[in-house]
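Throughout, read-outs are computed from the coordinates displayed, never taken from laboratory work. A quick note: this is a predicted structure, and the numbers were derived from the prediction, not measured. So basically every Cβ, Gly included, is an ideal-geometry build from the backbone, and we count neighbours across all protein chains shown.
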Amino acid sequence: MKVILIAGKSGSGKSTLGKTIVKLLNDKGIAALQTEFSKYIKLYAKEMLNLKENSDKPRRFLQEMGSYIRENLFDKNFFIKRMLEDIKVYESSFVVVVISDVRLIQEIEEMKKSNYEVISIYVESSKENDLTEEEKNHITEKELENYQNFDYRIKIESEQDILKFAKQIIEGEK
């Protein structure tokens, strides 16, 4: 099983890159899927805030709920443990899992300790996001800025960049 971790700030193109990698792999006959560490927080938000399917992300709620769970309820690796359990399920049908919302060093480091082949990518973009100053300064937006152990650090400026980097990553080129 190969696990591709995609990190970056809000609006940097993480999900789009993840979808492109999955599509290219599937087109080659390689069973791949995209998932997120935050899927559980989003489920909590949907239920707790009575959100509709296509409503905007309640960013502040997601940030605060994630911090609350990691710091107060369970342990700092709560979402990582859940993801590792999910990957065990995915192994029955997939050979590549793309996690397109990595936000913390511990998410990368713990995944690298697993028995999976892990590729880590940091996506940068000059595109401005619409977060508040408080949201921009949350640990999930800042912690990985200076992390040095990514396999790839890429800058996305256009749709062509996404396709180019997705192909490069699939082929294992640096």
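Would you kindly work out the equivalent ellipsoid of segment 124-163 from its C-alpha gyration tensor and give its semi-axes, the square roots of five times the eigenvalues, largest first in whole Å?
Numbers: eigenvalues 89, 55, 6 Å².
With the √(5λ) rule applied to segment 124-163, the semi-axes are 21, 17, 6 Å.
Quick one: net charge around residue 15, please, counting Lys, Arg +1 and Asp, Glu -1 for every other residue with C-beta under 11 Å from its C-beta.
Overall, the nearby charge balance is 0.
Take peptides 93-99, 76-82 and line them up by average Cβ neighbours within 10 Å, highest first, as a rough protection proxy. The partial results should precede the final answer.
Working: 93-99: 19.6, 76-82: 16.4.
So the peptides 93-99, 76-82, ranked by packing, come out 93-99, 76-82.
Over the Cα atoms, compute the radius of gyration (one decimal) and Dmax (the largest Cα-Cα distance, rounded to a whole number) for segment 1-97, in Å.
14.9, 44
When you take every Cα atom in segment 102-174, what is the radius of gyration, and what is Dmax, the widest Cα pair distance, in Å?
Every Cα atom of segment 102-174 included, Rg and Dmax give 13.8, 39 Å.
Between segment 14-35 and segment 109-123, what is the C-alpha centre distance in whole Å?
A separation of 17 Å, based on Cα centres.
Over 10 Å intervals from 0, what percent of Cα-Cα pairs in segment 2-57 sits in each interval?
Values per bin, smallest distances first: 20, 40, 31, 8, 0.
Pairs of alpha-carbon atoms within less than 8 angstrom and 6+ residues apart define the contacts here; what relative contact order does segment 2-171 have, in percent? All intermediate terms of the calculation are to be shown ahead of the outcome.
On the way: 229 pairs, mean separation 70.3, N = 170.
For segment 2-171, the relative contact order is 41 percent.
Short version: what are the Cα gyration tensor semi-axes of the chain, square root of 5 times each eigenvalue, largest first, in whole Å?
Details: eigenvalues 118, 77, 53 Å².
One finds semi-axes of 24, 20, 16 Å for the chain.
Of the DSSP beta bridges with both residues in the chain, give the percent that are antiparallel, rounding to the nearest 5. Mind showing how you got there, number by number?
Values: 0 of 20 bridges.
Here the share of antiparallel DSSP bridges comes out near 0 percent.
Hey, what number do you get for the chain at 222 nm if only DSSP H runs of n ≥ 4 count, each worth -39500 (n - 2.57), divided across all residues, to the nearest 500? All intermediate terms of the calculation are to be shown ahead of the outcome.
Values: 8 runs with 77 residues, N = 174.
Computed mean residue ellipticity for the chain: -13000 deg cm²/dmol.
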